Structures are given as C-alpha cells and as structure tokens.
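The values are calculated or read from the model by the stated rules, or taken from the named source; none is laboratory data. No experiment lies behind these values; they were computed from the predicted model shown. Methodologically, a virtual Cβ is constructed for each residue, glycine included, from the backbone with ideal geometry; neighbour enumeration extends over all protein chains shown.
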Amino acid sequence: MLKRTFPSPEALRRFPFGLADIAVILGTLVLLALIARIGAGTLVSFQPPDVMPGIDLDPRNLPYYAGRSTLRMFIALLCSTVFTLVYGYVAANSRRAERVMIPLLDILQSVPVLGFLSITVTGFIALFPGSLLGLEAASIFATFTSQVWNMTFSFYQSLRTVPKELDEAMTLYRLSRWQRFTKLEVPSAMIGLVWNAMMSFGGGWFFVAASEAISVLNQNYTLPGIGSYVAAAIAKEDLPSLGWALLTIAVVILLVDQMFWRPLIAWSDKFRLEQSASADTPQSWVYDLLQTARIPRLLGKALTPIQDRINRLLSALTPPSPPRSDAPEQPNDRLYSLILLFVVGALVVTAIHFILTTVGINEVVTTFGLGLLTLLRVTVLLIFATLIWTPIGVAIGFNPKLARLLQPVVQFLASFPANFIFPFATLFFIHTHISINWGSILLMSLGSQWYILFNSIAGAQGIPTDLREMSMDVGLQGWQRWRRLIIPGIFSAWVTGGVTASGGAWNASIVSEIVSWGQSTLIATGLGAYIAQATAVGDWPRITLGIGMMSLFVVGINRLLWRRLYRLAETKYHL
Amino acid sequence: MTTMQTPPDSLIAVKQVHKSFPLPDGKGEFNVLRDINMTVRAGEVVALLGRSGSGKSTLLRIMAGLIPPSQGRVFSNGKPLYGANKNVAMVFQSFALLPWLTVQENVELGLEAQGMPRDERRHRALKAIDLVGLDGFESAYPKELSGGMKQRVGFARAFVLEPQVLLMDEPFSALDVLTSENLRGEIDDLWNAGTFPSKSILIVTHNIEEGVFLADRVIILGSNPGQVRGEVVIDLPRSHDRTSDRFKALVDYIYTIMTNPEVEVTASAPAIVSKTPTETPVPRSPYAKALPHARVGGISGLLELIIDQPDGKDDIPRLAERIQLEVDDLLPILDSVVLLGFAEVSQGDVQLTEIGQDFATTTILRSKDLFRQQALQNVPMLSSIVQTLQEKRSRSMRADFFLDLLDEYYPHEEAERQFATVVDWGRYAELFEYDASEDRLYLPELVAAAVTEEP
C-alpha cells in the first residue's frame, strides 16, 4: 500500500517543524527544477525544413520526453481553466452573449479537434518564426480544444443553477462582483469543474500524443514528446521502444493522478453544496501531507495582507450589479437576433460557396457516403461495447467491494491514450490480414469503450438496494430482471456514456482509419481517413468539407438521437 | 402622480405597488401583487401573513430591493429605493449559508463587502455570534451544525450589520417543531429585552400562531392576485401569552379571515384598517378559476378526521394543531372540501354537509360516485375537460391542449400544477384517464359507451 509508506498526519504533527515540511520543500524544489529543465527545451532553434528536432529512441530519454508532453498538458489545462472562467462567466451573465456563446459551444464540442490541426499548425508556425514555440503552441492548442468545452459547459451550468436564496443573500449583503465571483460562483461550481477537468485531462493525453508528430501540408513536423517518440518507433518498427513508451505513459498518468488530481479532489470536497456532512470523503495522502505541513499555512498567513489589498482593489473596480430585471424582450433584442441570423447565414453561404466552387457537388455526395461508413463503424462499436461492457459494468456496480477496487482501474484505462496501443493493433492486423475497414472499429473502441463501462458501473451503483431486493423477492430473473430493473435503472447513465463514447469515436476515426507500421500504411474507407489525407497534403477545400461534414454528422446525431434519449432518461427513467 | 408622503417614523413604505410576471410565449401577464400599500415603522414587529399565492415572499423581496416592482414605489427612510436596500438585512428560509465558509466567515460576509478592516469585522462578528449563543462554533463549517444552529448563524449574519429593519422570510419553517419553538422564543426574548440589533422586524409567515406570538401588527394578504386585506393589531402586552383568552381569540379570528376570502377584516379585533377586496368579475373561461392544490387522498383524509368530531364539526386552529399542518398545507384542502360541497366553513369552524358526511363514511365505490357528482357540479374545469373529450371522435386529447389553455391564465409552473391537480381529481372520479407516457387524456370505456348510447 502506498499510504503506509508515509506516517499518519497525527504522527507528523508531533514534530515541531515536521517531516511534512521537509517533504513539501523538497517536492517544491524538485518540481521547479523539472519545469526549468524541460521548459528550456521549448526555446531551441527551429528552421524548417533545415533544422528540425529529432527524436532519440534511447529509452533513457523517455522521462524527458514524457516531461515535455506533461508540461504541454498542464499549460493546456491552465489555458482551459482561464478560458472556462471567462467564457462561462460572460455567457451566464449577459443574456445577449449567452445566445451566441452557448450554441457556439455546442457546435465546437462536436467539431473533430484533430481535423483542425492543419489550420492551427500553419497559423502558429507563422506566429513564431524560427522557433519551436509555434509547433509547441499548436500542440497545446489541440490539447486545449479537446479539454475546454466540457469544462466550460460545466461551469456555465453551475453558474445558472446557483441556489436562488444564496444569490439573493449575496445581493442583499452587497457583495461586489469580484467578491460574488470568488465567494459564491466559483466555489459552487468547483466540484463539477474539478471532475470535468480531470476527465478532460485524461482525454487530453490522446490529443497531445497525436499532435506531436503530424504531417501537415506535405511537411512532417516533429515536436519532442512522448507522442513523437511513439511515432518514431513506429517508423523504425522498434517494438521494445514502444513497450518502454507504454510503461512510461502509464507511470506518468499514475503520478499525475496521485500528485495532482487526488489532492485537488480531496480539497474540493469542501465546496459541496449539501449542507450535511457526507459519510465518505475523498482521501489523498498528498493533500494530508500539505495539510500537516506548516509552511503552506505560514506562507498563507504572510500573504494575507497582500491578498486583502488585492481583493479590496478588485472589489472597488467591480461594484455590485443591480438585481436582474425580468423585463421581456426589448425591441433592440429583435434587431440583435436579426443581425445574428444574418451573420450565421453569411458564414454558411460562404462555406458552401467555397466548397461548391472548388470541389463540386459530387465531392459532397462522396463525403456524405464516407460519413455514413464511419457512422456505421461508430454504431457497430457502440452496440458491441454495450453488449460486452454493460453486463460486466453492472456486475461490478452491484458488488461494492469490487467497484471500489476496479473503478480507479477503469478511470485509468479511460485516460490511457489509445494511440499508444495502435501500433500493436496494426501489427496484429497486418499479420492476420484483417481488413482495416473492420479493424478501425477496434482501434476506435480502444479509447471510447471505457465510457460505457464506466457509466454502467455508476448506473448500477445508483439502483437503490430495496429495488434490487424487491426484484429478487418477486422472482425476477435473467432477461426479465434486465428488462424490468437493470436496463431502466442504468438507462440515463448509459446515455451519458454513449454520448461521450460516440463523440470520442468520431474524433478517433481521424487517426484510426489510417494507421501505419514502418513503410506499410493501412487506409480504411471513411470520413476520418478522408480528413487525415486531406490534412496531410494541405487540400484546403477537402479539409473544410471533411470537417464540416463530420461536424454535421455529430451535431445531427446528437439532435436526432442522443437529445431524445436524454429527455426520455430524464422524464421516464429518472430514479 | 399624487404626492407621496411617508410618515416621519416610517422605515419602509410601500406605495401602490403592483407586480406582475410575464406569462410564457407572450400570453400577457400574471398578476402577483395588486395595489399594495403598507409601512414598517420604527420599534414595531410586523407580520405578513398569507397563503401560498398571496405573493408575500415577493412583497418582502420588493422591500429588500431584490425585485423591482412593476408599478409603484418603495421608500426606505423616506427615499425612493433603487437596487438592494442598504437599510435591511434578511434571514432566509433555507438559511442561505455558504457551505465552504466557516461560521465566522459567513457572519463577516456583509462587513467584508463594506470593505471593513479585518480586525474590526472580526470583533463585531464575534459579538454577533455571542448574541445568538454560538460561542465556540466560530470555526465550524455549516455542515457540522444542526438546522437550528445554522439558522442562528443566519441571524448572526443579519445582526452584525445592525440593519434598521430585519426581514425574515419564514425563518423557522425549515426547522422541526421543537427547534423552531425554541429559536422563536429566543428571538422574542431578545426583542422584548430591548437589546435587539435592529429597530424593527418584518416577518413573512404562513403560521398564524407564529404571527400573533411575535408581531405587534399582522397584515393579512389575500390571494390571486396578492393584495392587502387588512391588518389585525395584536393588543397584548409583550411577550404575548399564548395561553391567554385574548391570544386564542385573535388566532381564531385570523383563521376565520383566512378561510373566508369574502370576510372583511374588521370587528372583533380593535383598531383595524379595513379594505374590501374588489370583487373579481366572473371568470370567462372554466380554466381561469384556479383549483386549490389538494390531492383526493388529503381531501378524504381530512373529512374522515372531521367526522370523528361531535356533530361533524371542528375548530380549525385546533384541527391544524392536532394534525401538525400549517396554513399552507391545510387551507388548500379545506378550500377543496368547501368547493366540492363536502363542508362549510364559518367562524373558524368547519362543518360537514350531508354529502360530506356520506362521503366520509361510505364505501370506496360509492364515495367515487359522490365525488364525481360533486366535481361535475362544482368544478367547471373538470366538466369542460370531459366535454372536450366527448366531442372528439377518438375520445382522447393531447394533454398539451389543456396545458395551453391553462397557460393563458397562469405562469407555466402553476399551469402544470393546476393540470396535475385536475388530473388527480378526474382520475379518482373516473371521469377520464391519463396516459403519462403518451401525454394524452382518454375517456374511460364506460363513460365513452354511456355517451354514445345517448342519442
């Protein structure tokens, strides 16, 4: 057990200036040194196509590469957090902004992030000529876009659902907008924000790895990192190196979880809105250590006056806003809607015009057909994942001991970047002569199936014990039991898992419908491969068309299928 | 505009205030408050008493400056009020404490907003915490406290601001009986001792006894839309002795007023400003007349309780005390019983009619017949729905159709509640069936058959 290696907080408290403090100081120093060492690497010279950073496949370099990738992840997380706070706040506090920002968020969420790489890479390289920073920024941006939408939605939702009486109390006690933000709005959103950030961060590994080694506009770009290490190993058909990379990423994910997310979750538990103490609170040994140490507290006390001054300054700058009026739509609002409609219409017309004049209507029909193929893959994936993982998930969920043991494992599997497994699967396909047209389904499922499992477990745990006992009592068995109790009971959890899994699968199709091992490349027929190929050669009309078509598919399926299932889950199968 | 004068000692004056909320889909407005005039003077405790739907909480929030009135003005200290009222502090029904702040940080919140230095606000907060008897809990988090202690924090947070008027929004209704009794007594003691941190108290309540116990003056609000029906002066020496005959008489009197919307608030209690509610014209549509929100189970349960009393007659305050139901829950049931012709209410007493006695004692099948008969006679909404269904060839209709009709007269939430009540009654009376998954109303086979047989 990891916990045993550290003395309990009680024991630590006995030391006057405790071991905990030494651990905290050492930890901080190590962290700073690591960041300095790794951060320096981002500033090396880069003059494509003459000077390009290479990847050394010696496994001893792996910690450094992993560090580079991790640093990117955290910078992206920081950007996501800042963006979330600003975007969510503005959307929740301005009715006009809300009407643009929320639908926009909805669409951005459905757009395949990887398809955008071509646009962003060229843009960022132009921004930082002669330095790796451009590529660095493009990779961070890709990771950012994979994380941010979920977090922003969660924050916006929390802001809209702040309990009414708390809101009134803050108004009546005349808190400035800054005070309201720091005392009420952010804290009440904290738990949702931290959980969403953690889940998005897990998904982010996939994108950071995919964005480190890409070919865009007939040019191969390599950014030192664990993703590009894997890419290099694939090109050299170097299996041992791949194994080392796999081990490294597993260790990194575990470390980040223990050192960063667990403490954060343990800390954020105090922001629970229920006013009664809950039985099991999340635990973290790092958090306990920080709590026991005195340095953080002393530092906090020393900084209080400065903090006070900053708070007072920001409060003075943000006087309390007048209570929200419930006035109906102003005539100005109608004008505003018209302008909005016009802008959106103009954008759509421009895009359609661009596509029609460059590649023509036939290409549109072709991509639609390719989209149907990919849709078929996603559907097959969902059906199989459901058939396999729901029974297993329910079995785990009904067994509390097993659930406690396995839930972290499933969480780990969900955040494990599937593209690290791709080369092994590719080798397997090559040797067994399985067509990539079917194989890509397996590749897509490597990342997305866990959401089904994860949510099945949660759903099964949510079925009240007395309902389960009742089902035994009246003798429900086998299929009957599934039909009457389990399926309705886990339905809403399954819908949540299904949406996430299908979104993930669409995104993954861009990298899993086209895979390579050494010199051999397997290409499936599908929209994902279409986008990947268009991106590689820099065919702008086809990139636009491909991304547009995929977004259309995702948005359409969300509207037609998932939203309806959600409503059904909320009204009929609500436990 | 007429010149508006406020009495010199008035802390809050409400002048001709109207409040309405827009109905969904631009279907007009829903009136919550109509022509409200009232004042809160220095040194008095005022209770606002009304049933649900009387807009009492809305009125309180208008005085706090949390909601702007649609028409009319609120004056605080003689000055027109814009935005949140600086001279008041509020105690909330749900406590409204921030769970991530300690007791002390919660209490300091208002002072911090004023930009008071750390030491000063700490000193004052500790004094307020001391006053409400929470010494030793300064660094506790709200979730560690019981409900009563949480509300003490709520009081301390309001006290520390030393407001002119302390507003209380049903402050004891989320607490259990014993705890609320205890806290109410302590607040009363504090007021009577003359050390109260505010000049006046305005309390919103639906508990008649609570109002009479705490207040010097009880203002009674009528419903739909909310309006001031009048006020009852509690002419008792403080602290009001609950066992005195006068106390009981006042409680009885207020019950009588509250159960009879037509009664003028006069007589019996001295010094009464009376106002006759202007007669609302006969509603045009059967859907405009609101049903009291009572389920059939509650109706028959109440009737069975009353029939056990001698002569099928019961004193309403005693009944309320016996079954531990507060006005908000009891009065809708009483209203339904009266509406359906099962009982009559007068002088604070409820008396079963013959049909009511029959209903309470007979078998289930017969009581359903009685209920159907009374409902068709007295509830236009029900008979209108049945008629609509009969006119349809399919003998069924989408629920949305009726909800739309209700939406014309109520905010959507209330329309849904009205619909739920009418469905409950109609199902029990076997007048129609409701399929929730299809969201349709059906005539049951029998009724449909009976109708087709008729030429």
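Quick grid of which residues meet (1) more than 13 Å from chain B (Cβ to nearest Cβ); (2) assigned to a helix (DSSP H, G or I); (3) touching a strand residue (DSSP E or B) at 6+ places or on another chain (Cβ under 8 Å):
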residue: A:Asp167; (1), (2), (3): no, yes, no
residue: A:Arg174; (1), (2), (3): no, no, no
residue: A:Lys183; (1), (2), (3): no, yes, no
residue: A:Met190; (1), (2), (3): no, yes, no
residue: A:Met199; (1), (2), (3): yes, yes, no
residue: A:Ile214; (1), (2), (3): yes, no, yes
residue: A:Ala233; (1), (2), (3): yes, yes, no
Restricting the search to the stretch A:412-428, which residues are in contact with a strand residue (DSSP E or B) (Cβ under 8 Å, 6 or more places away or on another chain) and over 24 Å from A:Ser211 (Cβ atoms)?
-> none
Assess whether B:Trp191 counts as being assigned to a helix (DSSP H, G or I), among the aromatic types (Phe, Trp, Tyr) and in contact with a helix residue (DSSP H, G or I) (Cβ under 9 Å, 6 or more places away or on another chain).
-> yes
Check every one of the helices (runs of 4 or more DSSP H) wholly within the stretch A:463-575 and list those with 2 or more residues that are more than 14 Å from every other protein chain (Cβ to nearest Cβ) and either touching a residue at least 24 places away in the same chain (Cβ under 8 Å) or hydrophobic (A, V, I, L, M, F, W, C) (or both).
-> A:465-473, A:487-512, A:527-537, A:540-557, A:563-571
Of these, B:Gln114, B:Gln104, which one is modelled with pLDDT under 90, more than 7 Å from every other protein chain (Cβ to nearest Cβ) and under 28 Å from A:Pro319 (Cα atoms)?
-> B:Gln114
How many residues does the stretch A:389-411 hold that are closer than 25 Å to A:Ala209 by Cβ and either touching an Asp or Glu at 6+ places or on another chain (Cβ under 7 Å) or modelled with pLDDT under 85 (or both)?
-> 4
Select from the stretch B:147-188 the residues that are among the charged types (D, E, K, R) and part of a loop (DSSP other than H, G, I, E, B) and write down the one among them that is farthest from B:Gly133 (Cα to Cα).
-> B:Glu170
Inside the stretch B:55-86, the number of residues satisfying the requirement of being among the small types (Gly, Ala, Ser) and either over 19 Å from A:Glu165 (Cβ atoms) or free of Cβ contacts under 8 Å to residues at least 12 places away in the same chain (or both) is 4
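For every residue, the table says whether it meets (1) hydrophobic (A, V, I, L, M, F, W, C); (2) more than 14 Å from chain B (Cβ to nearest Cβ); (3) within 28 Å of A:Ala210 (Cβ to Cβ).
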residue	(1), (2), (3)
A:Asp333	no, no, no
A:Leu341	yes, yes, no
A:His353	no, yes, no
A:Thr357	no, yes, no
What number of residues within the stretch B:95-128 satisfy the criterion of being under 31 Å from the mean Cα position of the chain (by Cα) and among the small types (Gly, Ala, Ser)?
-> 3
Within the stretch B:303-344, can you find the residues that are within 28 Å of B:Glu181 (Cβ to Cβ) and among the hydrophobic types (A, V, I, L, M, F, W, C)?
-> B:Leu305, B:Ile306, B:Ile316, B:Leu319, B:Ala320, B:Ile323, B:Leu325, B:Val327, B:Leu330, B:Leu331, B:Ile333, B:Leu334
Residues being farther than 24 Å from B:Leu166 by Cα and either without any contact (Cβ under 8 Å) to a residue 12 or more places away in the chain or facing chain B (nearest Cβ under 7 Å) (or both): count how many of those fall in the stretch A:154-165.
-> 1
Quick check, is B:Ser180 polar (S, T, N, Q), farther than 28 Å from A:Leu273 by Cα, more than 12 Å from chain A (Cβ to nearest Cβ) and buried (at least 18 other Cβ atoms within 10 Å of the Cβ)?
-> no
Whichever residue in the stretch B:398-431 is hydrophobic (A, V, I, L, M, F, W, C) and not in a helix (DSSP H, G or I) and, among such residues, is surrounded by the most Cβ atoms within 10 Å (Cβ to Cβ) | B:Leu431
From the options B:Ser70, B:Ser94, B:Ser76, residue that is buried (at least 21 other Cβ atoms within 10 Å of the Cβ) and either facing chain A (nearest Cβ under 10 Å) or under 29 Å from B:Phe30 (Cβ atoms) (or both) = B:Ser76
